[in-house]
1. Of Leu142, Leu188, Leu202, Leu151, which residue is aliphatic (A, V, I, L, M) and under 15 Å from Asp77 (Cα atoms)?
2. Sort out which residues of the stretch 1-25 are surrounded by 16 or more Cβ atoms within 10 Å (Cβ to Cβ), over 18 Å from Gly46 (Cβ atoms) and more than 19 Å from the chain's Cα centre (by Cα), and write them in order of number.
3. Taking the stated definitions as given, is Ala52 in the same structural domain as Leu142 (by TED's automatic domain parsing), surrounded by fewer than 19 Cβ atoms within 10 Å (Cβ to Cβ) and among the aliphatic types (A, V, I, L, M)?
4. So, of the residues in the stretch 26-36 that are in a helix (DSSP H, G or I) and free of Cβ contacts under 8 Å to residues at least 24 places away in the same chain, which turns out to be surrounded by the most Cβ atoms within 10 Å (Cβ to Cβ)?
5. Look at the stretch 68-120 and say how many of its residues are of a type in the set (D, E, K, R) and either touching a residue at least 40 places away in the same chain (Cβ under 8 Å) or under 26 Å from Lys173 (Cβ atoms) (or both).
6. I'd like the full set of residues that are within 18 Å of Arg121 (Cα to Cα) and not in a helix (DSSP H, G or I), limited to the stretch 76-105.
7. Is it the case that the stretch 68-82 has a residue that's closer than 21 Å to Lys129 by Cα and polar (S, T, N, Q)?
8. Hey, can you tell me all the residues within the stretch 121-145 that are touching a residue at least 12 places away in the same chain (Cβ under 8 Å) and under 15 Å from the mean Cα position of the chain (by Cα)?
Amino acid sequence: MQSIEFQIERKIKNYKRGKIFFKNDFAKLGSSEAVFKALQRLVGSGLLVRLANGIYWYPKKGKELYGVKISGKPTLDEIARAIAKRDKARIVPTGVHALNLLNLSTQVPANVVYLTDGAARRVNIGNGKGILFKHTSEVRRLAYKSEFLMLIVSALREIGEGKITDEQKEIIKTYFSHITKQEFETDLKLIPVWIQKIFLSL
């Protein structure tokens, strides 16, 4: 009989480095306590990096950390997207985080906030950082075909009507190449009228 640790290690190594795993990914291999202890040992050996409670990362190769050469850890956005994928939930960045992702602000928040149609929760990532998921009943804000368009609208909501600078408009314009005409026409009905006017002017 193969040990739980060996089975988890073998499963992890079937994926490319950089993948984010959750404790529940290995639930079928043993009891919750046994899986937890096996993951602890794999963190100790350097195969995994613990990102948060129940969240682990199979590190990419690069600089030295825990005796293993790895590159920088995944961003808060990458972790949030992995959680959303696991939970089959839709998310959209909000606030300063949305502005930062689009280079509309140089401010980098330690705590990032997402609207979601999934469960509300906070995930502590360490060193004062965290991801906050806020449940919303406004399904329109998450119903976009284009993730880029959804992000841009979220960022413009944060700036506010009448407060968007010409420089910010030019930055936004550079992202239009990532949005197809079909996506734009489909999503147009979801966009607030004042933001529609900005888009059409660009």
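The values are calculated or read from the model by the stated rules, or taken from the named source; none is laboratory data. None of these values were measured; they are calculated from a predicted model. For neighbour counting, all protein chains shown are included, and Cβ atoms are generated from backbone atoms with ideal geometry for every residue, glycine included.
1. Leu151
2. If the condition is that a residue be surrounded by 16 or more Cβ atoms within 10 Å (Cβ to Cβ), over 18 Å from Gly46 (Cβ atoms) and more than 19 Å from the chain's Cα centre (by Cα), then Ile4, Gln7 are the ones that fit.
3. No; evaluated as a whole, the condition is false for this residue.
4. Of everything passing the filter in the stretch 26-36, Phe26 is surrounded by the most Cβ atoms within 10 Å (Cβ to Cβ).
5. Selection size over the stretch 68-120: 5.
6. The answer is Lys88, Ala89, Arg90, Ile91, Val92, Pro93, Thr94.
7. For the stretch 68-82, residues closer than 21 Å to Lys129 by Cα and polar (S, T, N, Q): present.
8. If the condition is that a residue be touching a residue at least 12 places away in the same chain (Cβ under 8 Å) and under 15 Å from the mean Cα position of the chain (by Cα), then Arg121, Val123, Asn124, Ile125, Lys129, Gly130, Ile131, Leu132, Phe133, Lys134, Leu142 are the ones that fit.
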